[in-house]
Amino acid sequence: LSHDFHGGISASDPMPCSPPQTLSTRRQLYERDFPLYQRPVEIGCFSLDMKRRFFNDARQLRYYVEPEHHPNFSLRDGYRDRYVKRDDGVKERIDHILRWILANRSKLRPSETAAASSPPRVLGVEFVTWRGHLTKLLTTPYETREGWLLAVTRLHGTLYVSEVETEAARQERQTRTARHQEMMYWGYKFEQYTCAATAGGRPDQGGVVNTNEAFCTVVRTQLASHRLLFSGEVDCRDPHPSAPPAPFCYLELKTSAEICTPKQRSNFHRYKLLKWWAQSFLPGVPRIIAGFRDDDGVVVSVETYETSKISQLIKNEYNCWKPTVCMNFCSEFLSFVKTVVREDNPRVVYLFSWEPHREVSYSIHRDTDHCFLPDWYVKEITS
Ligand code: 0WD
Ligand code: CA
């Protein structure tokens with residue numbers, strides 16, 4: 001059973017008190033004051049090992065080792081013989097976050113300050129999701145290429161949000177060129193050149209790159225009136241003992257093509273820095289280390305970007321992106337989800353979909369393959 005709503009506008013909605021059926025993504029609608037965004041608080045972390053097994057600890061956290069300014073790292077090294085690639089055909093949805101929640105239930109009691117009239121929530125948060133899904137929402141008003149699908153289920157008052165791969169994304173994934181596949185390795189290789197397993201250690205440049213391994217932070221924050229719990233993968237931390245506490249000691253590592261022309265610089269500011277900013281701003285990661293590489297995958301220079309200064313950096317670009325538009329759109333989307341997703345039922349999925357140049361719409365799916373809250377979670381959280 002699936003109901004599809006397309007192209008409806010809230011103003012012409014004939015049913016009194018029924019929720020709006022679409023949400024506009026037009027930038028102009030979201031150009032107002034920056035909404036409240038509470039300083040993110042790390043409430044836990046978890047690790048995924050070389051076989052993608054979950055551990056409720058920081059065993060995979062790595063430590064940054066600052067490279068030379070012009071290091072000449074070859075990112076192609078090891079691609080053929082020292083690369084274990086995660087199987088991206090396996091859909092994990094939000095299972096790891098759910099595992100973390102079950103292992104940390106005692107930290108997640110409903111907040112005492114919650115209004116007496118609000119429904120009882122097991123977790124004391126309204127939304128549970130990956131940081132990466134929120135990044136996609138933040139960049140939506142500026143995205144012209146890739147749409148998204150977000151599945152939402154309400155359980156005991158909490159809204160769980162999990163991405164569904166679009167048909168276009170699946171096609172792209174299954175038809176990648178050999179060059180593109182190799183370039184996907186380059187980012188991970190850069191991590192290996194700049195991270196050590198211990199605070200005083202050295203990077204192991206001759207080791208195996210295994211993309212099953214991950215360290216994820218779990219943070220709690222509030223966007224406007226929305227209380228959020230999300231998790232994001234963190235590349236490494238500042239090894240210095242006097243570094244600030246998590247998440248403010250974390251660093252994001254990136255690689256990007258070296259910038260040789262004004263056009264390349266402009267594109268970098270307009271498109272790439274938007275994504276980098278959104279991803280790191282959400283969990284409060286203060287610095288992004290960028291390795292600029294040539295066409296042969298050699299890192300020719302390394303630069304640090306302070307997340308909080310990125311929006312200043314791009315202000316000279318004509319018609320550039322604005323953080324306030326990103327945050328206001330995300331906040332409005334979460335409000336939209338709250339009004340639409342009424343039925344509290346782990347077997348019901350509200351599928352929100354968006355394609356560039358369209359509005360956000362949704363459809364409802366009952367007892368279908370879209371259901372993503374596993375029985376082990378529903379059973380455990382309900383008891
Ligand atoms: O099922 C899905 N559709 C997704 C699952 C989409 C995005 C992420 N994930 C899961 C994975 O379990 C991954 O461990 O989320 C984890 C990372 O979550 P995130 O931090 O919320 O994701 P995001 O901010 O998009 O990516 C952070 C890093 C990436 O670094 P770069 O520098 O390229 O942005 O996580 C890695 C990648 O290194 N990453 C992934 N790892 C495994 N599976 C995935 C993925 N699908 N996407 C990005
Ligand atoms: Ca990274």
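The values are calculated or read from the model by the stated rules, or taken from the named source; none is laboratory data. Predicted model only: the values in this text are computed from it and were never measured. Heads up, the Cβs are rebuilt from the backbone with ideal geometry, glycines too, and the neighbour counts pull from every protein chain shown. Each accessible area value is taken on the protein alone, full model and side chains, heavy atoms only, with ligands, DNA and RNA left out. Shrake-Rupley method; radii C 1.70, N 1.55, O 1.52, S 1.80 Å.
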For the chain, calculated [θ]222 nm from helices alone, where every DSSP H run of n ≥ 4 adds -39500 (n - 2.57): -6500 deg cm²/dmol
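Using only alpha carbon pairs under 8 Å that are at least six residues apart, calculate the relative contact order of the chain and give it in whole percent.
Numbers: 706 pairs, mean separation 113.0, N = 383.
That works out to 30 percent.
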Heavy-atom accessible area order for Tyr83, Tyr193, largest first, 1.4 Å probe: Tyr83, Tyr193
Accessible area of Glu252 in the full protein assembly, 1.4 Å probe (Å², nearest 10): 20 Å²
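Using a 1.4 Å probe and counting only protein heavy atoms, arrange Arg76, Arg154, Arg220 so the residue with the most accessible area comes first. Please report the intermediate quantities before stating the final value.
On the way: Arg76 100, Arg154 25, Arg220 70 Å².
These residues rank, largest area first, as Arg76, Arg220, Arg154.
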Sites Glu233 and Glu343, calculated FRET efficiency, Cβ-Cβ separation with R0 35 Å, nearest 0.05: 0.65
Accessible surface of Asp81 - all protein chains present, 1.4 Å probe, nearest 10 Å²: 110 Å²
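With Rg and the Kirkwood Rh both taken from Cα atoms, where does Rg over Rh land for the chain? Don't skip to the end; give the middle numbers.
Details: Rg = 21.2 Å, Rh = 22.2 Å.
A ratio of 0.96.
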Zone of Asp375's modelled label, taken as backbone nitrogen in the stretch 130-164 under 11 Å from a point 7 Å along Cα→Cβ: none
Cα-centred dipole magnitude for the stretch 334-383, charges only on beta-carbon of K, R (+1) and D, E (-1), debye, nearest 20: 140 debye
Apportionment of accessible area to carbon and sulfur, the chain, percent (1.4 Å): 50 percent
Fully extended contour minus Cα-Cα distance, from Cys17 to Arg76, at 0.36 nm per residue: 15.4 nm
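Can you give the net charge of the other residues whose Cβ lies under 10 Å from the Cβ of Phe292, counting K and R as +1 and D and E as -1? Write out the running numbers ahead of the final one.
Values: positive: Lys254, Arg293; negative: Glu258, Asp294, Glu303.
Once all neighbours under 10 Å are counted, the net charge is -1.
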Global size of the stretch 241-284 as Cα Rg and Dmax, reported in angstrom: 13.7, 41
Under 5 Å, built H, 5+ apart or other chain: amide partners of Tyr83: Val209
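Of the listed pairs Lys275/Lys315; Lys51/Lys338; Lys263/Lys322; Lys85/Lys338; Lys136/Lys315; Lys263/Lys315, which have alpha-carbon separations greater than 27 Å here?
Values: Lys275/Lys315 16 Å; Lys51/Lys338 37 Å; Lys263/Lys322 20 Å; Lys85/Lys338 37 Å; Lys136/Lys315 22 Å; Lys263/Lys315 16 Å.
Listed pairs above 27 Å: Lys51/Lys338; Lys85/Lys338.
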Pair-distance profile P(r), taking every C-alpha pair of the stretch 143-231, with 5 angstrom steps and integer %: 3, 9, 11, 15, 15, 16, 14, 12, 5, 1
With DNA, RNA and ligands ignored, accessible area of Lys275 (1.4 Å probe; Å², nearest 10): 90 Å²
Candidate residues Glu172, Glu66: accessible-area rank, largest first, probe 1.4 Å: Glu66, Glu172
Binned Cα-Cα distances of the stretch 236-383, short to long, each 10 Å bin given as a whole percent: 9, 26, 25, 24, 14, 2
